[in-house]
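Each remark here refers to the structure printed beneath this line.
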Amino acid sequence: MNNRSKWLWIEPITGSRKRSNFFWACILFLGSLGFFLVGISSYFGENLIPLLSSQEILFVPQGIVMCFYGIAGLFISSYLWCTILFDVGSGYNKFDKRKGIVCLFRWGFPGKNRRIFPRFLMKDIQMIKMEIQEGISPRRVLYMEIKGRQDIPLARTGDNLNLREIEQKAAESARFLRVSIEGF
């Protein structure tokens, strides 16, 4: 949902709270918990998981390795759950023609720099860039080129927009900002 008028355009950016992130965080948590429980049950010689016989798994080396993989997976899973909980990467792009300012707001991890809020003058925006790479892992990103600074992405780099959507978004942005579009 974009809030757009003649002078002001606010575009919300989705963060880490996506169905796919919830799915992978749950799968990773359950899988790593399973590995950890099998490794621990091989140490105690008891079945902590009712459907699995852990008597056949020796604690040294298989049980230790399964415990290690389980703990590593639990750490990665907790990192994913933290990004979901804090909705890292969400925010908005605000283009204000009256004030001549562009504000990009994003949420980061908790701490001193949780709020990421760069501001730029509209007159310093040189162009809108589209990066399109096809192949096994396609990459489609929309950038804003600003005088004297590096290119700034206008959307999450993980958003896989199709070709039509990114072209339409680039055209809308360039039309509103009155700059050119470049593709590479």
Q) Is there any pair linking a residue in region 62-74 that is within 15 Å of residue 41 (Cα to Cα) and open to solvent by 40 Å² or more (accessible area, probe 1.4 Å) to one that is outside any helix (DSSP H, G or I) and modelled with pLDDT of 95 or more, with Cβ under 6 Å and at least six apart or on different chains, and which? A) none
Q.
I need every pair where a residue in region 132-148 that is of a type in the set (Ser, Thr, Tyr) has its Cβ under 8 Å from the Cβ of a residue that is open to solvent by 90 Å² or more (accessible area, probe 1.4 Å), sequence separation at least 6 or different chains.
A. none
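Kindly indicate whether any position in region 84-99 is touching a residue at least 60 places away in the same chain (Cβ under 8 Å) and open to solvent by 80 Å² or more (accessible area, probe 1.4 Å). Give the steps one after another, and end with the answer.
Narrowing region 84-99 to residues touching a residue at least 60 places away in the same chain (Cβ under 8 Å): 84, 86-98.
Add one more test, that the residue is open to solvent by 80 Å² or more (accessible area, probe 1.4 Å), and what stays is 98.
Yes: one or more hits.
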Q: Assess whether residue 93 counts as being assigned by the TED database to the domain that holds residue 155, in contact with a strand residue (DSSP E or B) (Cβ under 6 Å, 6 or more places away or on another chain) and among the polar types (S, T, N, Q).
A: yes
Q.
Just to verify a result, which residue in region 1-48, among those that are within 34 Å of the chain's Cα centre (by Cα) and farther than 30 Å from residue 108 by Cα, is surrounded by the fewest Cβ atoms within 10 Å (Cβ to Cβ)?
A. 6
**Q.** Enumeration of residues in region 50-82 that are modelled with pLDDT of 95 or more and either part of a loop (DSSP other than H, G, I, E, B) or hydroxyl-bearing (Ser, Thr, Tyr) (or both)
**A.** 69, 77, 78, 79
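The values are calculated or read from the model by the stated rules, or taken from the named source; none is laboratory data. Quantities reported herein were computed from a predicted structural model and do not represent experimental measurements. Every residue, glycine as well, gets a Cβ built from its backbone with ideal geometry; the counts of neighbours run over all protein chains shown. These accessible areas exclude ligands, DNA and RNA; they are computed on the full protein's heavy atoms, side chains included. Shrake-Rupley method; radii C 1.70, N 1.55, O 1.52, S 1.80 Å.
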